[in-house]
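The block underneath contains the structure these notes are about, expressed in structure tokens.
The values are calculated or read from the model by the stated rules, or taken from the named source; none is laboratory data. Being a predicted model, the structure only gives us computed values, none of them experimental. Note that each Cβ is placed from the backbone with ideal geometry, even for glycine, and that neighbours are counted across all protein chains shown. Please note that ligands, DNA and RNA were not included when accessible areas were found on the heavy atoms of the full protein model with its side chains. Shrake-Rupley method; radii C 1.70, N 1.55, O 1.52, S 1.80 Å.
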Amino acid sequence: MANTGSGVWVVAETRRGKLLPTAFELVTAAKSIASQRGETVTAVVLGAAEGAEGLASAGAAKVLLLEGLGEFADDACAAAIAAAAKAGAPRTILLSSGVFGRSVAPRLAVALNSGLGSDAVALELDAEKRLVVKRAAYAGNVTQKVLVKSQSGPELATVRPMAYPRSAVNGSHGTVEKVQGDVSAAKGRTRYASFAADASPELDIGAAEKIVSGGRGLGDPKGFELIRALAQAMGAAVGASRAAVDSGWIPYKHQVGITGRSVRPRLYMACGISGQIQHMGGMKSSDVIVAINTDADCPMMKAANYAVQGDLYKVIPALIDAIKQARG
Amino acid sequence: MPIKIAVCVKRTPASTSVAIDAAGKVQTKGLPHGINPFDEYAVEEALRLKEKLGGTVTVVSAGEAEAEEVIRAAIALGCDDGVLLSDPAFAGSDGSVTASVLAAALRKAEAKLVLFGKETTDGASGQMPAFTAAWLDWPSVIGVRKVAAASEGELTVERLMEDGVDTLTLSLPAVVGVIKEINEPRLPSLKGKMAAKKAPVTKWTAADLGLDAAKLGAAGSPTEVVGLEPVPARPAGLVIAGATPEEKAKALVEKLKEAKFI
Ligand SMILES: Cc1cc2nc3c(=O)[nH]c(=O)nc-3n(C[C@H](O)[C@H](O)[C@H](O)COP(=O)(O)OP(=O)(O)OC[C@H]3O[C@@H](n4cnc5c(N)ncnc54)[C@H](O)[C@@H]3O)c2cc1C
């Protein structure tokens, strides 16, 4: 049975009453598909969230608030979205590919009898206007195109954060509808107990436009004070190589790379990072790469758009001064 | 109370520098392979849970006959036995269909707690834990950096999120995906290596699992890889010139200003 649905849905993730900005990236991605098929975009928001109405003036023809969900439990979220999708019958559903998307999208796919393409860096349509997901595999060394053959259910895809720009407020006026989320299929098997916010609420690397990362070349944990100072001057988030994380210089959540996190900032500044393939796999699709390294021949210096040879302990302080001067 | 734990592992190429052949397929034959590095953390956590709760750990892998190597490698670390899911009918299955095979095997093996690593180094979708749980209709959680409490009936875990840490309690049976932060994997002992040679590895096919061949393999999968291309190396960039760190810093800031990063 073919997919008879219509329209592109985006699932807007919320955290403790706040809408995450990836929702606006998903709206941009959804519009690119919907416009080619003459369809509209619906934003499904999990729980009543601050800022959710903003989606209705940024390109979503409809905002559907699923109420009564509580904090993020995989099965409850998937159950509520699946129930709404059965009622609303979209042709395509997009989610962001962070922990949330990886947790929920597969459950949705099984519940809705759908195909799921994961972690798209771009979405396309084939000649029959079916969804094709462009994604990276083998640590970013291979680009795959995956056709989502919708069966009876909608075609599903998760989209990598930062792959699409955020949709701006454009004066459109979508409707806002509230419905009670139906979580009965989850059978109450997951209980959300508590949340512990990060001690220092730094910019998260997953959603950062700019990242300054430090590696083994820092030599000791104090080096991250310098990295943080540069990050602050740049308005950037702080990343790290595995060597720096394994040395205990900085917590794991800052680790960039295949065993850490995949990032796609507009600017990635690698300081004292040699650029081994496992690190590159997590960041080489960044728009612009800057490398600061004593070794002009290391892979990171070769991959960089701007390669600065030198001791980071000399270059970074000079850089911070120059940035301050440039800002006036 | 003892508990039946299973850990799902995949045999993956040890290198991610792979070639694409004339037929447009990724060529991995002949490359050195091993257990997917992320899965080592899942194996370790399974062993720690067994040490705490008692019970057994079964290693489950879907793949070609060679996947038996990684099953035995996990047994050498202390797992009790293994199940190899191998059948030409499975070839070309996408993530969802592969998970349906794993789910059928886990049900047949009567597992109560199933562990996965974060993702594989080849496909890297990170979706197998949730897919498998969905087919089993069990609760699941991924991104787990700590098992805070475990009993026969439920599991309390810490999940690393982008903004902090969630604590959740799941009733068993359940599927858990772990991340590298959770533990430091052990090395195999000599005794373990000896045991691994003799340990039972059961082989199940689609027929053993009662699976419908029409829903397996490339033809039974709801997604299809329609294109593969190597990612071109980034073009050579600009070496920032300057006699001193200050000069280089100034020159770099000029470039960053032009690109509107400053
Ligand atoms: C299965 C597996 C998974 C992995 N996953 C990851 C991952 O997710 N992320 C990751 O990062 N790594 C990962 N690694 C590790 C990876 O292979 C490298 O070991 C690691 O990335 C090296 O980190 P580094 O570049 O900081 O250190 P090094 O390779 O030691 O590089 C240090 C660099 O600093 C430079 N340097 C030294 N002093 C200075 C100075 N004063 N000023 C400027 N530059 C200086 C050196 O020239 C050198 O280039 C993984 C490895 C394996 C096997």
Report summary line: With residue A:242 itself left out, Lys, Arg at +1 and Asp, Glu at -1 over residues whose Cβ is under 12 Å from its Cβ give +1
**Report entry** Whole-number accessible area per residue in Å² for segment B:1-68, which is evaluated in the context of all protein chains at 1.4 Å
**Finding:** 44
Query raised in the report: residue A:254: accessible area at probe 1.4 Å, nearest 10 Å²?
Result: 20
Query raised in the report: Pick from A:310, A:174, A:115: which is most flexible by mean-square fluctuation in a GNM of chain A where alpha carbon atoms under 10 Å apart are linked?
Result: A:310
Requested in this report: Name the aspartates and glutamates eligible as straight-distance cross-link partners of residue B:198: C-alpha to C-alpha under 18 Å, and not fewer than 8 places from it in the same chain.
Outcome: B:66, B:68, B:69, B:80, B:81
Query raised in the report: Out of A:9, A:269, B:156, whose Cα points farthest toward the positive end of the dipole of the protein assembly as shown (charges: +1 Lys, Arg; -1 Asp, Glu; placed on Cβ)?
Result: A:269
Query raised in the report: Percent relative contact order of segment A:210-326, based on C-alpha pairs within less than 8 angstrom and at least six residues apart?
Result: 24
Query raised in the report: So for A:4, A:22, what's the accessible-area order with a 1.4 Å probe, most first?
Result: A:4, A:22
Report summary line: For segment A:78-95, Karplus-derived ³J(HN,Hα) couplings (6.51, -1.76, 1.60; θ = phi - 60°; whole Hz; x for glycine and proline) come out as 5, 4, 5, 5, 4, 5, 5, 5, 5, 6, x, 6, x, 8, 9, 10, 10, 10
Query raised in the report: By the scheme Lys and Arg +1, Asp and Glu -1, what is the net charge of all other residues having a beta-carbon under 14 Å from that of residue B:54?
Result: +2
Requested in this report: Ignoring everything but the protein chains, give the 1.4 Å probe accessible area of residue A:9 in square angstrom, nearest 10.
Outcome: 20
Requested in this report: Provide, in order from the shortest bin, the percent of all Cα-Cα pairs of segment A:210-326 in each 5 Å bin, continuing until the bin that contains the maximum pair distance.
Outcome: 2, 14, 25, 28, 21, 8, 1, 0
Query - Degrees, to the nearest 10: B:245-258 long Cα axis against longest axis of chain B - result: 80
Query raised in the report: aspartates and glutamates within cross-link reach of residue B:215: Cα-Cα under 16 Å, excluding same-chain residues under 8 positions apart?
Result: B:87, B:94, B:224
**Report entry** Computed accessible area, residue B:131, all protein chains, 1.4 angstrom probe, square angstrom
**Finding:** 10
Report task. Run the accessible area of chain A with a 1.4 Å probe and give the carbon-and-sulfur part as a rounded percent. Result -> 51
Requested in this report: Only Lys, Arg, Asp and Glu count, each charged at its Cβ (+1, +1, -1, -1), so figure out the dipole size of segment A:120-252 about its Cα centre, rounded to 20 debye.
Outcome: 340
Query raised in the report: Are there residues in segment A:206-232 whose accessible area shrinks by at least 10 Å² when all protein chains are included rather than the chain by itself, and which are they (probe 1.4 Å, ligands and nucleic acids not counted)?
Result: A:210
Query raised in the report: If A:192, B:41 are ordered by their accessible area, calculated over protein heavy atoms with a 1.4 Å probe, which sequence runs from highest to lowest?
Result: A:192, B:41
Query - Under the Karplus curve 6.51 cos²θ - 1.76 cosθ + 1.60, θ = phi - 60°, whole-Hz ³J(HN,Hα) for segment A:266-274, x wherever Gly or Pro sits - result: 6, 9, 10, 10, 9, 10, x, 10, 6
Query raised in the report: A plus B alone minus the pair: what accessible area, both sides summed, probe 1.4 Å, in Å² to 100?
Result: 7000
Report summary line: Taking every other residue with Cβ under 12 Å from the Cβ of residue A:268 and scoring Lys and Arg +1, Asp and Glu -1, one gets +3
Query raised in the report: Which angle between 0 and 90 degrees, to the nearest 10, do you get for helix A:312-327 versus the longest principal axis of chain A when only C-alpha atoms count?
Result: 70
Report task. Identify which of B:216, B:228, B:77 has the largest mean-square fluctuation in a Gaussian network model of chain B, with springs joining Cα atoms closer than 10 Å. Result -> B:228
Query raised in the report: With all protein chains present, how much of the accessible area of chain B (probe radius 1.4 Å) comes from carbon and sulfur, to the nearest whole percent?
Result: 56
Query raised in the report: If you take every DSSP beta bridge whose two residues both sit in the protein assembly as shown, what share of them, in percent to the nearest 5, is antiparallel?
Result: 35
Requested in this report: Equivalent ellipsoid semi-axes for segment A:88-231, as square roots of 5 times the alpha carbon gyration tensor eigenvalues: give them largest first, rounded to whole Å.
Outcome: 34, 23, 18
Query raised in the report: Which far-off residues, 5 or more places away or on another chain, put their amide H under 5 Å from the one on residue B:120, with H placed in the peptide plane?
Result: B:125, B:126
Query raised in the report: Whose amide H sits under 5 Å from the amide H of residue B:202, counting only residues 5 or more places off or on another chain, with H placed in the peptide plane?
Result: B:82, B:83, B:84
**Report entry** chain A: relative contact order in percent, alpha carbon pairs under 8 Å with at least 6 residues between
**Finding:** 15
Query raised in the report: When the solvent-accessible surface of protein heavy atoms is calculated with a 1.4 angstrom probe, in what order do B:68, B:44, A:202 fall, highest first?
Result: A:202, B:68, B:44
Query raised in the report: For segment B:3-215, what's the relative contact order in percent, using C-alpha pairs closer than 8 Å and at least 6 residues apart?
Result: 26
